[in-house]
Amino acid sequence: MRLDLQTFTDNLHSVQKRITDTATRAGRDPAEIRLMAVTKTFPPAYIEVARQAGLTLFGENRVQEAQEKYQTLVTAPDLELHLIGHLQRNKAKIAASLFLCVQSIDKLQTAEALNRHCAEIGRTMDILLELNTSGEASKFGFNEAEELWRVCGEIASLDSLRIRGVMTVGPFTADRDRIRRAFADLRDCLDGLRSRFPELPLDTLSMGMSGDFEIAVEEGATCIRLGTILFGSRGEVDE
Ligand SMILES: *Cc1c(COP(=O)(O)O)cnc(C)c1O
């Protein structure tokens with residue numbers, strides 16, 4: 001695998017143009033949409049290229065892999081690393097010191113463990129609650145918005161965590177209408193959260209990947225998570 005800065009910059013500019021065009025058509029301000037570079041399975045050299053191109057927001061979906069690749073980078077003032085994959089409770093301690101935000105909270109117990117480890121090292125962590133909008137059993141997340149709202153009430157009392165919004169992985173399908181419904185469901189879930197918890201700083205709607213980010217932008221995404229469209233194919237290790 002090889003990636004040069006020019007190729008990456010070309011990919012980035014074409015994606016940015018699509019985001020801007022889509023947002024503008026949808027009557028949205030493109031500036032309210034953050035672009036995350038998802039570097040899972042890609043080597044550290046790819047992270048460097050993305051940083052040279054000016055990106056600052058990065059996502060990984062495994063704690064161990066993130067630790068190996070980002071350990072020396074997480075203290076960089078211009079780098080923000082988020083966990084976007086399932087967090088096991090026994091990895092909460094490492095996660096507390098590694099990530100600025102965990103986007104994939106799907107259980108009260110995981111949030112409690114993360115809260116405890118954040119408190120131990122005297123930090124506050126931003127989190128998102130993950131909703132399974134696809135109904136696919138292989139995906140993580142709360143299965144119903146009602147369940148997410150209920151657990152949010154309990155997580156909100158954990159002092160070292162700050163709930164910023166919700167996240168989902170759209171259904172794996174070519175059916176654009178189904179994808180749109182899933183993203184609309186997540187937006188409705190965030191709206192419901194806002195009306196139930198007006199005191200929380202709920203500003204983040206994380207949805208959309210390489211194949212469906214334009215639909216996500218149309219449906220209100222404020223964070224889109226892009227891997228292959230920026231870096232190229234993940235090949236054998238794709239997931
Ligand atoms: C891999 C991954 C992405 C990026 O997927 P691409 O299709 O490569 O853009 C986004 N979000 C999550 C949770 C992922 O695991």
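Some points to look at:
- When only Cα pairs below 8 angstrom with a gap of at least 6 residues are kept, the range 167-239 shows a relative contact order of 28 percent.
- In sequence order, calculated HN-Hα J values of the range 82-88 (Karplus, 6.51, -1.76, 1.60; Hz; x Gly/Pro): 10, 8, 10, x, 3, 9, 8
- Euclidean distance of C-alpha centroids, the range 186-218 and the range 38-100, integer Å: 22 Å
- Take every Cα pair under 8 Å whose residues are at least 6 apart in sequence, average their separation, divide by the length of the chain, and the relative contact order is 19 percent.
- Overall, the accessible surface of the range 5-236 at a probe of 1.4 angstrom is composed of carbon and sulfur to the extent of 48 percent.
- The range 137-233: GluC sites (Glu not before Pro) falling in loop per DSSP and having at most 15 other Cβ within 10 Å: Glu144, Glu199
- Non-local lysine pairs in the chain, meaning eight or more places apart or on different chains, with alpha-carbon distances under 25 Å, amount to 14.
- If R0 is 45 Å, the Cβ-Cβ spacing of Ser157 and Arg2 corresponds to a FRET efficiency of close to 0.40.
- Surface analysis of the range 122-226 yields an accessible area of 43 Å² per residue, using protein heavy atoms and a 1.4 Å probe.
The values are calculated or read from the model by the stated rules, or taken from the named source; none is laboratory data. Keep in mind that this is a model prediction, so the values were computed, not measured. Note: ideal-geometry Cβ built from the backbone for every residue, glycine included; neighbour counts use all protein chains shown. When the accessible area is computed, the model is the full protein with side chains, heavy atoms only, and any ligands, DNA or RNA have been set aside. Shrake-Rupley method; radii C 1.70, N 1.55, O 1.52, S 1.80 Å.
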